[in-house]
Every structure is written in structure tokens, then in C-alpha cells.
Amino acid sequence: MDNSAANTSQCSGPALLIGHALPAATITLNSPMLIPSAEMMQQLAGRGSQLHRMVHTCRRIDAVGELFVIAVPETNGTEATGEIHD
């Protein structure tokens with residue numbers, strides 16, 4: 001019995017990445033967008049942005065799967081305060 005061709009089908013469902021773009025990016029915030037390549041993400045979110053790096057890594061694993069991204073705004077947090085006790 002030769003099982004070398006068993007279960008060769010691929011089942012790759014759509015993926016969603018949520019992350020930050022650079023401040024000067026042209027991507028629309030809070031809106032899902034289909035992204036075919038890391039190069040396109042670089043143009044929209046900025047080279048080296050969190051989303052660009054995420055899409056680049058994802059495309060190395062799955063070069064043809066359906067990939068959506070949502071760019072979210074970075075929030076201005078408040079500085080943490082506290083004390084260290086012995």
C-alpha cells in the first residue's frame with residue numbers, strides 16, 4: 001500500500017492580521033483590506049511597520065492564501081507609576 005499521495009489537498013482558509021502602520025501611512029484605518037503581497041503592504045503601511053513585517057512573515061508561510069489586514073491606530077497611553085517595596 002502506497003500512501004504517498006494521501007491527503008495532498010490543501011485547506012487554507014482566509015487569514016486576518018491586525019496591527020499598526022507607520023504614522024505617515026496611506027492605508028485606511030479600521031477597515032479590512034485584502035493584501036496580495038508584502039510589497040503592497042509596504043506601500044500602504046510603510047516599510048518596517050508592524051503590518052509590513054507581519055504580512056512579510058505570513059507570505060513566507062502561505063504565498064497564495066487569502067490575507068486580510070486591518071490597520072488600527074496607535075493609542076497614546078499614560079506613563080506607568082508605582083513603587084518598589086522591599
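What to note about this one:
- Distance (nanometres) between label positions extended 7 Å along Cα→Cβ at Glu74 and Asp62: 2.8 nm
- The HN-Hα couplings worked out from phi for segment 64-78 by the Karplus form 6.51 cos²θ - 1.76 cosθ + 1.60 (θ = phi - 60°) are 10, x, 6, 10, 10, 10, 10, 8, 10, x, 7, 9, 8, x, 10 Hz, whole numbers, x standing for Gly and Pro.
- Placed amide H near Leu67: partners under 5 Å, 5+ positions off or other chain: Ala15, Ile35
- Packing here is the average count of other Cβ atoms within 10 Å per residue, and on that basis the peptides 43-52, 68-77, highest first, run 43-52, 68-77.
- Using alpha-carbon coordinates, inclination of helix 50-61 to the longest axis of the chain, degrees: 20 degrees
- Computed with the Debye formula from one identical point scatterer per Cα of the chain, without solvent, the log10 of I(q)/I(0) at q = 0.15 Å⁻¹ comes to -0.61.
- Mean separation of Cα contacts under 8 Å, 6 or more apart, over the residue count of the chain: relative contact order %: 40 percent
- Compared with the alpha-carbon gap, the fully stretched path from Thr81 to Ala24 is longer by 17.4 nm at 0.36 nm per residue.
Every read-out reported here was derived from the displayed coordinates using simple, explicitly stated rules and does not represent laboratory data. Note that the structure is a prediction, hence the values are computed from the model and not measured. Note that each Cβ is placed from the backbone with ideal geometry, even for glycine, and that neighbours are counted across all protein chains shown.
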